[in-house]
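Worksheet: one structure, shown below.
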Amino acid sequence: MKFTIAATTLTVLGLVANANGAPTPKNLAIEPLADGNGKIADTLSMKAPASNPDAPTVADGFTQNETRAICQHRAYPVSQHYSVLSSPGMARVDDIAAVCGRLWSGLHHHAGCAAITEPSCGEHEYMEGVLEWHFSGSAFCNVGMVESAWWEATHNEHGRLECRDV
(Lines give C-alpha, C1' and ligand atoms only; values in the text may rest on other atoms or scores of the structure.)
Protein backbone atom coordinates (compact mmCIF):
# COMPACT_ATOMS: atom_id res chain seq x y z
CA MET A 1 0.00 0.00 0.00
CA LYS A 2 2.87 2.41 0.77
CA PHE A 3 4.26 1.99 -2.72
CA THR A 4 0.91 2.83 -4.29
CA ILE A 5 0.40 5.98 -2.17
CA ALA A 6 3.96 7.17 -2.83
CA ALA A 7 3.66 6.52 -6.56
CA THR A 8 0.28 8.27 -6.70
CA THR A 9 1.64 11.28 -4.77
CA LEU A 10 4.61 11.64 -7.12
CA THR A 11 2.35 11.34 -10.15
CA VAL A 12 0.00 14.05 -8.82
CA LEU A 13 2.93 16.35 -7.99
CA GLY A 14 4.31 15.86 -11.48
CA LEU A 15 0.98 16.80 -13.04
CA VAL A 16 0.68 19.89 -10.82
CA ALA A 17 4.23 20.97 -11.76
CA ASN A 18 3.32 20.77 -15.45
CA ALA A 19 0.07 22.64 -14.88
CA ASN A 20 1.77 25.63 -13.15
CA GLY A 21 4.45 26.09 -15.80
CA ALA A 22 7.39 24.83 -13.73
CA PRO A 23 10.34 24.04 -16.00
CA THR A 24 10.50 20.50 -17.27
CA PRO A 25 12.34 19.13 -20.27
CA LYS A 26 9.11 19.57 -22.24
CA ASN A 27 8.58 23.33 -21.59
CA LEU A 28 12.09 24.88 -21.54
CA ALA A 29 11.48 27.00 -24.65
CA ILE A 30 11.57 30.80 -24.28
CA GLU A 31 8.08 32.21 -24.30
CA PRO A 32 7.71 35.39 -26.37
CA LEU A 33 6.57 38.63 -24.71
CA ALA A 34 4.92 41.58 -26.37
CA ASP A 35 6.93 44.80 -26.13
CA GLY A 36 5.44 48.31 -26.08
CA ASN A 37 5.02 48.40 -29.88
CA GLY A 38 2.92 45.25 -30.03
CA LYS A 39 5.90 43.34 -31.46
CA ILE A 40 7.03 40.03 -30.08
CA ALA A 41 10.35 40.01 -28.19
CA ASP A 42 12.00 37.28 -26.17
CA THR A 43 12.97 37.88 -22.55
CA LEU A 44 16.69 38.08 -23.34
CA SER A 45 16.29 41.03 -25.69
CA MET A 46 14.31 43.24 -23.31
CA LYS A 47 16.02 46.60 -22.76
CA ALA A 48 17.04 48.06 -19.41
CA PRO A 49 15.37 51.28 -18.27
CA ALA A 50 16.76 54.44 -19.86
CA SER A 51 19.42 56.09 -17.73
CA ASN A 52 19.14 59.64 -16.47
CA PRO A 53 21.88 61.70 -18.21
CA ASP A 54 21.83 64.24 -15.36
CA ALA A 55 22.38 61.65 -12.62
CA PRO A 56 25.82 61.78 -10.93
CA THR A 57 28.26 59.01 -11.80
CA VAL A 58 31.24 57.56 -9.97
CA ALA A 59 33.57 59.37 -12.38
CA ASP A 60 32.09 62.75 -11.38
CA GLY A 61 33.93 62.50 -8.06
CA PHE A 62 37.27 62.46 -9.87
CA THR A 63 36.56 64.97 -12.61
CA GLN A 64 39.28 67.57 -12.39
CA ASN A 65 38.27 71.17 -12.02
CA GLU A 66 40.34 74.30 -11.64
CA THR A 67 40.34 74.52 -7.84
CA ARG A 68 40.68 70.98 -6.58
CA ALA A 69 43.62 68.64 -6.20
CA ILE A 70 42.80 64.98 -6.70
CA CYS A 71 43.08 62.54 -3.81
CA GLN A 72 42.13 58.90 -4.15
CA HIS A 73 41.83 56.96 -0.90
CA ARG A 74 41.67 53.18 -0.53
CA ALA A 75 40.90 51.65 2.86
CA TYR A 76 42.19 48.18 3.68
CA PRO A 77 41.67 46.26 6.95
CA VAL A 78 44.96 47.40 8.50
CA SER A 79 46.11 50.23 6.24
CA GLN A 80 45.08 53.20 4.13
CA HIS A 81 46.49 54.05 0.69
CA TYR A 82 46.54 57.59 -0.73
CA SER A 83 47.28 58.89 -4.24
CA VAL A 84 47.34 62.68 -4.64
CA LEU A 85 47.83 65.00 -7.65
CA SER A 86 48.05 68.77 -7.50
CA SER A 87 45.53 70.55 -9.71
CA PRO A 88 46.78 70.74 -13.31
CA GLY A 89 44.36 73.63 -13.87
CA MET A 90 46.12 75.87 -11.36
CA ALA A 91 49.61 77.35 -11.25
CA ARG A 92 52.37 74.79 -11.62
CA VAL A 93 54.27 73.66 -8.54
CA ASP A 94 57.67 75.34 -8.92
CA ASP A 95 59.70 73.71 -6.14
CA ILE A 96 58.23 70.22 -5.99
CA ALA A 97 61.02 68.86 -3.77
CA ALA A 98 60.37 71.53 -1.11
CA VAL A 99 56.61 70.93 -1.20
CA CYS A 100 57.19 67.18 -0.87
CA GLY A 101 59.37 67.80 2.18
CA ARG A 102 56.63 69.92 3.76
CA LEU A 103 54.03 67.24 2.95
CA TRP A 104 56.02 64.52 4.73
CA SER A 105 56.71 66.84 7.66
CA GLY A 106 53.04 67.78 7.97
CA LEU A 107 51.98 64.16 7.75
CA HIS A 108 54.36 63.14 10.54
CA HIS A 109 52.74 65.70 12.88
CA HIS A 110 49.92 63.17 13.18
CA ALA A 111 50.73 60.10 15.28
CA GLY A 112 48.36 57.97 13.17
CA CYS A 113 50.50 58.70 10.10
CA ALA A 114 53.91 58.11 11.69
CA ALA A 115 54.42 54.72 10.00
CA ILE A 116 54.44 55.26 6.22
CA THR A 117 55.18 52.61 3.60
CA GLU A 118 55.57 52.85 -0.18
CA PRO A 119 56.30 56.60 -0.06
CA SER A 120 56.82 58.59 -3.23
CA CYS A 121 56.53 62.28 -4.00
CA GLY A 122 57.68 64.16 -7.08
CA GLU A 123 56.74 65.61 -10.44
CA HIS A 124 54.14 63.70 -12.46
CA GLU A 125 55.71 61.67 -15.25
CA TYR A 126 53.63 63.22 -18.06
CA MET A 127 52.46 66.58 -16.67
CA GLU A 128 55.13 69.18 -16.04
CA GLY A 129 54.69 71.13 -12.81
CA VAL A 130 52.10 68.72 -11.38
CA LEU A 131 52.97 67.18 -8.01
CA GLU A 132 52.26 63.48 -7.50
CA TRP A 133 52.21 62.07 -3.92
CA HIS A 134 51.63 58.40 -3.02
CA PHE A 135 51.91 56.49 0.24
CA SER A 136 50.32 53.88 2.48
CA GLY A 137 49.80 54.42 6.18
CA SER A 138 48.29 52.62 9.13
CA ALA A 139 44.53 52.29 9.55
CA PHE A 140 44.80 55.29 11.91
CA CYS A 141 46.12 57.62 9.17
CA ASN A 142 42.78 59.09 8.16
CA VAL A 143 41.69 61.42 5.37
CA GLY A 144 41.55 64.44 7.68
CA MET A 145 45.21 64.03 8.58
CA VAL A 146 46.22 63.84 4.91
CA GLU A 147 44.13 66.90 4.02
CA SER A 148 45.66 68.75 6.98
CA ALA A 149 49.20 67.91 5.80
CA TRP A 150 48.27 69.17 2.31
CA TRP A 151 46.97 72.46 3.74
CA GLU A 152 50.09 72.96 5.89
CA ALA A 153 52.39 72.29 2.91
CA THR A 154 50.54 74.19 0.16
CA HIS A 155 47.92 76.46 1.77
CA ASN A 156 45.77 75.15 -1.10
CA GLU A 157 47.79 77.15 -3.65
CA HIS A 158 47.84 74.05 -5.85
CA GLY A 159 44.21 73.08 -5.37
CA ARG A 160 42.03 72.25 -2.40
CA LEU A 161 42.44 68.59 -1.47
CA GLU A 162 39.29 66.46 -1.38
CA CYS A 163 39.97 62.78 -0.80
CA ARG A 164 37.49 60.34 -2.36
CA ASP A 165 37.12 56.66 -1.53
CA VAL A 166 37.82 54.33 -4.44
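The values are calculated or read from the model by the stated rules, or taken from the named source; none is laboratory data. What you see is a predicted model; the values in this text were computed from it and never measured. Every residue, glycine among them, receives a Cβ derived from its backbone with ideal geometry; neighbour counts consider all protein chains shown.
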Handout entry: Qualifying positions in region 70-91 - part of a loop (DSSP other than H, G, I, E, B) and surrounded by fewer than 15 Cβ atoms within 10 Å (Cβ to Cβ)
Key = Tyr76, Pro77, Val78, Gly89, Ala91
Problem - Qualifying positions in region 148-166 - surrounded by fewer than 18 Cβ atoms within 10 Å (Cβ to Cβ) and not in a loop (DSSP other than H, G, I, E, B) - result: Ser148, Trp151, Glu152, Arg160, Glu162, Arg164, Asp165
Completion exercise
Of the residues in region 99-141, those that are closer than 20 Å to Gly89 by Cα and loosely packed, with under 15 Cβ neighbours inside 10 Å number 5
Problem - Tyr76 at pLDDT 85 or above and out of contact with any strand residue (DSSP E or B) (no Cβ under 7 Å at 6 or more places or on another chain) - result: yes
Exercise for the section: Looking for whichever is under 15 Å from Cys163 (Cα atoms), assigned by TED's automatic domain parsing to the domain that holds Asn156 and modelled with pLDDT of 95 or more here; the options are Ser120, Ser105, Ser83, Ser87. Which one fits? Expected result: Ser83
